[in-house]
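Since the structure comes first, as structure tokens, the remarks are kept for the end.
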Amino acid sequence: MSNLTAILAAEGPNGNFIPSDINELYWGSVAFGIIFVIFLWKGVPAIKSAMQGRTARIEDELAAAKAAKADAEAELATLSGQLGDADAEAAKIIAEARDQAAKLETDLTAKAESDIAEAKERSSIEIQAQRDQALSDLRAAVADQARTAADAVVRSNLDDASTQSALIDDYISQLAR
């Protein structure tokens, strides 16, 4: 700090705002005027155009932002409409799936019932065929036993052939019942 004080004290104040040498005032004023005129001639238009460019750029950005906002709102409206359509489409698909499931259930139930009826009919026919076969086998076995018995009776008692034949027929008819 002492160096700064020494430098300032080297040139003593004269008590006025004007320097002690009047030429310094003239040349300083002329230099200031020249710099001021050059500034007004070159600097002010450059500053003005920079300010106008900045203003135009900001206005363009604001216009672009408004356009982007309008586009976004239009897209939002479109997406909202599509979302509503998607909900309706989903409800429609679910309803169709339920209808198909009900139809499939009805079809499967009807098919199962028809399969059951067919199985009962086949079983009934099979049972009847086995019953008829068993009766036929039984009649054949009884007829064979009756012939064997009749043969034994005929051999032991060869008196009358018609009596023997009537006896065999009567025995077979009793077994058939």
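Table for the structure above
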quantity	calculated
Dipole of segment 23-176 [Lys/Arg +1, Asp/Glu -1 at C-beta], most positive-end residue of W27, A56, Q133	W27
Linear extension gain, E121 paired with A68, 0.36 nm per residue minus alpha-carbon span	11.4 nm
Contour minus Cα-Cα distance for A112 and F39 (0.36 nm per residue)	15.9 nm
Percent of Cα pairs exceeding the 19 Å cut-off, where the set is segment 23-176	83
L175 paired with T163, simple spin-label distance in nm, labels 7 Å along Cα-to-beta-carbon	2.2
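Where a number appears in this text, it was derived from the coordinates with a stated rule and is not lab data. Keep in mind the model is a prediction, meaning the values are calculated, not measured. All Cβ positions, glycine included, derive from the backbone under ideal geometry; neighbour counts span all protein chains shown.
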